[in-house]
Amino acid sequence: MRAGYPDFRLGTVLATSFTGTLSERHGNAVERIPTPQRLVDWLTVSGLAVDSCTPAQLDLARDLRESIHAAATAAAVQDALPASAVQVINDCSAQGRAAAVLTPEGKRQWRLSSASRVEDALGVIAADAISIIAGERDGKLALCASPTCRAAFFDTSQSRTRKWCDMNTCGNRQKKARYNANQRKNS
């Protein structure tokens, strides 16, 4: 990855990984796609390689990201979905041109239109968000227990009781804070 940018936090669910390109939303926010080229990088590592990205396409991607986050957050707490977020997700899904293809290994992969436009990649992300928010996939939407993060994530653990969007970051920080508090208390 390019030097000078924070690492991507890639998960196994495309839509919630995409919302993770802005982390620590309730603390010192970390923007992981600050430039059009950085969005190209994220799409590439996510299996949605595009040729290029304009500033307007980056703005569209960020609008989609925030709309998915808003809708997933509402779904996780069983609130009504924000109409404006639903509209952005639906518009992006309808604008994209991509096809699901089967690899020789039996995995689903996305093939974007021959022009490999950002809008096509965003359409795939929007369709993934729709399937999660609509409850079509085995799992449950949840919010990270970290008070500075509160990222929406898709919990596919057997018990559906996962607390953290990422154990290596938010989970470890919370465990370390608890440990340090216990050490101070016992001193």
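The values are calculated or read from the model by the stated rules, or taken from the named source; none is laboratory data. Worth saying up front: this structure is predicted, and the values here are computed from it rather than measured. Reconstructed Cβ throughout: ideal geometry from the backbone, glycine too, with neighbour counts over all protein chains shown. Note: areas computed on protein heavy atoms with side chains; ligands, DNA, RNA excluded. Shrake-Rupley method; radii C 1.70, N 1.55, O 1.52, S 1.80 Å.
Among the residues of the stretch 14-38, which ones are in a helix (DSSP H, G or I), in contact with a helix residue (DSSP H, G or I) (Cβ under 8 Å, 6 or more places away or on another chain) and under 23 Å from Cys170 (Cα atoms)?
Residues of the stretch 14-38 in a helix (DSSP H, G or I): 14-19, 36-38.
Of the ones still in play, those that are also in contact with a helix residue (DSSP H, G or I) (Cβ under 8 Å, 6 or more places away or on another chain) are 14-16, 18-19, 36.
The answer is Leu14, Ala15, Thr16, Phe18, Thr19.
Let me spell it out: the conditions are (1) surrounded by 12 or more Cβ atoms within 10 Å (Cβ to Cβ); (2) at pLDDT below 75, and Ala181 meets all of them except one. Which number is the exception?
(1)
Can you work out which of the residues in the stretch 78-113 that are in contact with a strand residue (DSSP E or B) (Cβ under 7 Å, 6 or more places away or on another chain) and hydrophobic (A, V, I, L, M, F, W, C) is most open to solvent (accessible area, probe 1.4 Å)?
Top of the filtered list is Leu102.
What number of residues within the stretch 41-77 satisfy the criterion of being surrounded by 19 or more Cβ atoms within 10 Å (Cβ to Cβ), assigned to a loop (DSSP other than H, G, I, E, B) and more than 16 Å from the chain's Cα centre (by Cα)?
2
Which condition number does Cys144 fail, the rest of (1) in contact with a Cys (Cβ under 7 Å, 6 or more places away or on another chain); (2) at pLDDT below 85 being met?
Looking at each condition in turn, Cys144 falls short on (2).
Conditions (1) free of Cβ contacts under 8 Å to residues at least 60 places away in the same chain; (2) in contact with a Cys (Cβ under 8 Å, 6 or more places away or on another chain), marked per residue:
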{"site": "Leu14", "(1), (2)": "no, no"}
{"site": "Ser23", "(1), (2)": "no, yes"}
{"site": "Arg65", "(1), (2)": "yes, no"}
{"site": "Ala71", "(1), (2)": "no, no"}
{"site": "Leu81", "(1), (2)": "yes, no"}
{"site": "Leu102", "(1), (2)": "yes, no"}
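(1) under 29 Å from His26 (Cα atoms); (2) part of a loop (DSSP other than H, G, I, E, B): which one isn't true of Ile125, the others all being true?
Exception for Ile125: condition (2).
Considering only the stretch 141-174, state which residues are charged (D, E, K, R), open to solvent by 40 Å² or more (accessible area, probe 1.4 Å) and free of Cβ contacts under 8 Å to residues at least 60 places away in the same chain.
Of all residues in the stretch 141-174, those charged (D, E, K, R) come to 150, 155, 160, 162-163, 166, 173.
Those left that are additionally open to solvent by 40 Å² or more (accessible area, probe 1.4 Å): 150, 160, 162-163, 166, 173.
Those that are charged (D, E, K, R), open to solvent by 40 Å² or more (accessible area, probe 1.4 Å) and free of Cβ contacts under 8 Å to residues at least 60 places away in the same chain: Arg160, Arg162, Lys163, Arg173.
When Ala121 is evaluated against the numbered criteria (1) open to solvent by less than 50 Å² (accessible area, probe 1.4 Å); (2) without any contact (Cβ under 8 Å) to a residue 40 or more places away in the chain, which criterion, by number, is the only one it fails?
Tallying (1) open to solvent by less than 50 Å² (accessible area, probe 1.4 Å); (2) without any contact (Cβ under 8 Å) to a residue 40 or more places away in the chain, Ala121 fails exactly one: (2).
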